[in-house]
Amino acid sequence: MPPTAERKDFEATKKLRSVMGQYFADLGRGPTEGKKTAWCTSVGPAELLRALGFNVYFPENHGAMLGAARMAADLIPLANARGFSPDICSYLTSDVGSYLKGESPLQKMKLSGPPKADVLVYNTNQCRDVKDWFQFYAREWGVPCLGIHTPRSLDGVDEPLVGHVARQIQQLVEPLEPIAGRRLDIDRLREVVDLSRQTTVLWKAVLETAAQRPSPLSFFDGTIQMGPAVVIRGLPEAVDYYRLLLAELQQRIAAGVAAVEGEKFRIYWEGMPIWGKLSSLAAQFLELRMCVVASTYCNSWIFEDLDPACPFESMARAYSSIFICRSEEYKQAYVGKMVARFQADGILYHDSKTCPNNSNNRYGMPQRLQKELHKPYLVINGDLNDLRLYSEEQTRTSIEAFVEQMAQE
Ligand code: SF4
């Protein structure tokens, strides 16, 4: 076995820390500066909320922080005691548990915890759990909870559907304006949509660099680097950050710098990250010379349909076209295309117990894609946050066997 390779951090990550730190500082200061806070689902109408002057907070990001900090297993039982089943989204149960216990990783960032919402705005494009999650806080705080109900399992995204969703986004304006204390300025909305679109284009370009051999970027880098695409899309800082990161990736490509030294195997990761185990998985993958070159998860924050010329329709189209609300046929074709585009040698499916919405191994896709692509696959059982549902030993052994299988192909 060659000496263990080191994970290479990006120079740009220093800037990432300051950009994300600023975002959280702004959230913390918001109420004292008279700014209103809107909670938004990760693929919700963030552009509209920003254009109305809200500080926008994304509780799924907090859920991921609770997972990465390995606080979830202690917090989930508190939510269970309030009637939230251990089988539902562990972001939801970790976050509600964190609220009930008054403990949050944000406290290390000098915030008392997540900012209290003046309004909560969801989109059910990803799942129903987000609506139930937001309604919990709406009841706790007596604040409005508004939302968009997007059809799911879509083969295509046609005009009637876009119209249906666009009307729902437009209908949010009336109840949001009095909470925001201002009227919507359509030019400001166009500006924010344009900044989100630029963020998306750059984020996609960042992820596309992994099509190179060797790849300068891995999924484990992506789960860190995606922060601005999720929480500050629509702000110029996100655009500036991805320009910086992309330039560094291009330098890596020019210099032949690999994210995984001696890259031997290239993998597609389908499903959620296992937040509390990212470091140990990244270390094992480095050891095995295996690079996760693409994933459904990191690609889920690419919204190419955004268009400042038609902000409502384009938001509706962009947020209804994401992978998670598409049909099984669409998803299978998408994963097949990604495997070819990124020259992956195999597919790893994470069956995340508490998120059926992001677990695409359950209806025969691995078997069908294996038949079609002639590439090996591995299903690992785990969870995004609840590490009681994950066996490290079993997963390590399965990954080693998977590598052996790929080596024989
Ligand atoms: S998509 Fe999954 S992880 Fe995300 S909020 Fe819904 S149930 Fe939770």
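Annotation: of all residues in segment 16-44 being more than 16 Å from the ligand (Cβ to nearest atom) and in contact with a strand residue (DSSP E or B) (Cβ under 8 Å, 6 or more places away or on another chain), the one that is nearest to A318 (Cα to Cα) is A38. Highlighted here are the helices (runs of 4 or more DSSP H) found entirely within segment 141-257 that include at least 2 residues which are of a type in the set (V, I, T) and more than 24 Å from the chain's Cα centre (by Cα): 159-180. For segment 94-127, residues that are within 15 Å of the ligand (Cβ to nearest atom), more than 26 Å from G276 (Cβ to Cβ) and open to solvent by less than 10 Å² (accessible area, probe 1.4 Å) total 4. Look at (1) in contact with a Pro (Cβ under 9 Å, 6 or more places away or on another chain); (2) away from the ligand (no atom under 16 Å from the Cβ) and you find that P86 fails only one, number (2). I'd like to check something: does segment 356-373 contain any residue that is buried (at least 20 other Cβ atoms within 10 Å of the Cβ), touching a Ser or Thr at 6+ places or on another chain (Cβ under 7 Å) and of a type outside the set (A, V, I, L, M)? Scanning segment 356-373, I find at least one residue that is buried (at least 20 other Cβ atoms within 10 Å of the Cβ), touching a Ser or Thr at 6+ places or on another chain (Cβ under 7 Å) and of a type outside the set (A, V, I, L, M), so the answer is yes. Of all the criteria given as (1) within 16 Å of the ligand (Cβ to nearest atom); (2) in contact with a Pro (Cβ under 8 Å, 6 or more places away or on another chain); (3) among the hydrophobic types (A, V, I, L, M, F, W, C), the one not satisfied by C355 is (2).
Show me the helices (runs of 4 or more DSSP H) entirely contained within segment 303-389 in which 1 or more residues are of a type in the set (K, R) and closer than 30 Å to P45 by Cα.
Qualifying helices (runs of 4 or more DSSP H): 311-320, 328-341.
Among what's in segment 128-157 and is under 14 Å from W39 (Cβ atoms) and more than 16 Å from the ligand (Cβ to nearest atom), pick the residue that is most open to solvent (accessible area, probe 1.4 Å). Residue satisfying both the conditions and the ranking: R139. When L202, L207, L172 are checked against the criterion of being farther than 30 Å from V257 by Cα and of a type in the set (A, V, I, L, M), L172 stands alone in meeting it. The set of residues in segment 232-260 being among the hydrophobic types (A, V, I, L, M, F, W, C) and surrounded by fewer than 24 Cβ atoms within 10 Å (Cβ to Cβ) consists of L235, V239, L244, L246, A247, I253, A254, A255, V257, A258.
The values are calculated or read from the model by the stated rules, or taken from the named source; none is laboratory data. Because the structure is a prediction, the values reported are computed rather than measured. Backbone-built Cβ (ideal geometry, glycine too); neighbour counts: all protein chains shown. Protein only, heavy atoms only, side chains kept; ligands, DNA and RNA dropped before computing areas. Shrake-Rupley method; radii C 1.70, N 1.55, O 1.52, S 1.80 Å.
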